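As structure tokens, the structure follows; a few thoughts come after it.
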Amino acid sequence: MSPSRRPLYGLLAAYFVSGVGTAMSAVAIPWLVLVTTGSAASTGVVGFAQMAPYVVLQASAGPFVDRFGLRRTFLAGNLAAAAVMCTVPLLHAAGVLSVGLLAALVMAAGAVRGVADCATTPLVPPTAQAGRVPNERAVALFSGANRAAMLAGMPLAGVLIAVIGPARVVLLDGISFAAAVLILAASVPASVAATRQPAGPRSRRRYASDLAEGFRFLGADRLLIGIVVLVAITNLFDEALTSVLLPVWAHDRVHRAEALGLVGGVLGLGMLAGVGFAAWFGPRLPRRLTFTVGLVASAAPPFYALAAWTSVLPVLALCLLCGVAGGVLNPILGAVEFERIPAPLQARVLGAIKASAWLGIPFGALLGGSLTQHFGLTAALLTCGSVMLAATLAPLVFPSWRGIDRRPPTQAVSASPEYAPATH
């Protein structure tokens, strides 16, 4: 391994390890609630409790990350998440883990992870620059680490739930956060992860000004706004699928926890293949056409497949194809965002983008639970799939999406001619 690429590979390894634990927990926590309460609505409430603070902190932690530092924020946030998640199986073993207490714990974990993850994506450009890796390829590798983690974590969780129980699987999630801290601390030096420290005293007024600067930049770029709106809609229904609809399908129709893990794992396998395709061939493909085809082919079909089939095999086959199509999306969006956002603003703007795009995720769990509880699983799947299909046509309808294609180098320095950095 080239010494200059050690920070990038270390970041990827830490992201992968924590992602494996998170994928396992994404299976284990809904299953824990379902087998404890039998309620899809309670499952949705716990999902909301975890994601709501995550999204809020993603939106608001940018100025804090700028001052505290990318590396230190990653380490402190993941260490706190490890402590909180390891508490879940301890309380379960003691027989005192109620649904309300579980919701409170995952809420705390979501909050500290929101702060930590606000620092994670902005670590990609400096670590890639240290290894002289192009941003488009680095983003694809970063997305690939996430997809590989899903591929490994979700099927493993399905097996382990049957062997050791869902609470102990959550313990493994906590351990994975601690392992990610050790990996990043050993591989990414503080000098590589250095960011601009905003001048001036630390105060509520200055914090608000720094936060507003990130949102002002985002609001001046129509393409970034379009990306946020599209991803917010698709994330809303994706969360309904993964947090409620898919677990209920596996629990009520297939009657096997392994089915939940297999579907998630096959999606991860397909996405990993799609990310690999994007990493090597993406720079030669037309961005807008590739993105649109991948979006339409990946978003709605899984909902229709679950509504139509109770057999695992056809669902797995379709989800594999959907995963390949969906794997090309994040590398394209990540490269576009890094091209359009100046480095000193990336923690704030990327945090604002992710938080805004993830705004619907906490409500996705509630939506999935409510639709399933009141109208049944099939009606919920068909409704969500139809809205997803309509949303994926946006890049064909709105002219601002033409900006997703590559820009000449002279235009890639500034994301928007309408934006001027705020002065203090």
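The values are calculated or read from the model by the stated rules, or taken from the named source; none is laboratory data. Given the structure is predicted, the values throughout are model-derived calculations rather than measurements. Cβ sites come from the backbone with ideal geometry, for glycine too, and all protein chains shown count toward neighbours. Keep in mind that these areas ignore ligands, DNA and RNA; they rest on the heavy atoms of the full protein, side chains included. Shrake-Rupley method; radii C 1.70, N 1.55, O 1.52, S 1.80 Å.
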Positions within the stretch 297-311 being touching a residue at least 40 places away in the same chain (Cβ under 8 Å) and surrounded by fewer than 18 Cβ atoms within 10 Å (Cβ to Cβ), in sequence order: TYR304, THR310
Among GLY100, GLY38, GLY44, GLY62, which is the only one that is under 23 Å from LEU184 (Cβ atoms) and either touching a Leu at 6+ places or on another chain (Cβ under 9 Å) or open to solvent by 30 Å² or more (accessible area, probe 1.4 Å) (or both)? GLY62
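Please pick out the residue among LEU236, LEU267, LEU272, LEU223 that is touching a residue at least 24 places away in the same chain (Cβ under 8 Å) and under 17 Å from SER25 (Cα atoms).
The unique qualifying residue is LEU267.
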Looking only at the stretch 103-116, how many residues end up being open to solvent by less than 50 Å² (accessible area, probe 1.4 Å), under 15 Å from LEU57 (Cβ atoms) and either out of contact with any Leu (no Cβ under 6 Å at 6 or more places or on another chain) or of a type in the set (D, E, K, R) (or both)? 7
Sort out which residues of the stretch 247-276 are at pLDDT 80 or above and within 18 Å of GLY165 (Cβ to Cβ), and write them in order of number. PRO247, ALA250, HIS251, ALA259
Would you mind stating whether VAL88 is part of a helix (DSSP H, G or I), touching a helix residue (DSSP H, G or I) at 6+ places or on another chain (Cβ under 6 Å), buried (at least 17 other Cβ atoms within 10 Å of the Cβ) and at pLDDT 85 or above? yes
Within the stretch 375-382, identify whether any single residue is open to solvent by 50 Å² or more (accessible area, probe 1.4 Å), farther than 22 Å from LEU267 by Cβ and assigned to a helix (DSSP H, G or I), and answer yes or no. yes
Among the residues of the stretch 215-229, are any under 23 Å from MET51 (Cβ atoms), open to solvent by less than 50 Å² (accessible area, probe 1.4 Å), at pLDDT below 85 and not charged (D, E, K, R)? yes
Can you pull out every residue in the stretch 118-140 that is under 15 Å from the mean Cα position of the chain (by Cα) and open to solvent by 30 Å² or more (accessible area, probe 1.4 Å)? THR121
Exactly one of (1) closer than 22 Å to ALA278 by Cβ; (2) hydrophobic (A, V, I, L, M, F, W, C); (3) in contact with a Pro (Cβ under 7 Å, 6 or more places away or on another chain) is unmet by ALA343. Its number? (1)
LEU359 versus (1) more than 21 Å from the chain's Cα centre (by Cα); (2) aliphatic (A, V, I, L, M); (3) under 30 Å from GLY62 (Cβ atoms): which is the lone unmet condition? (1)
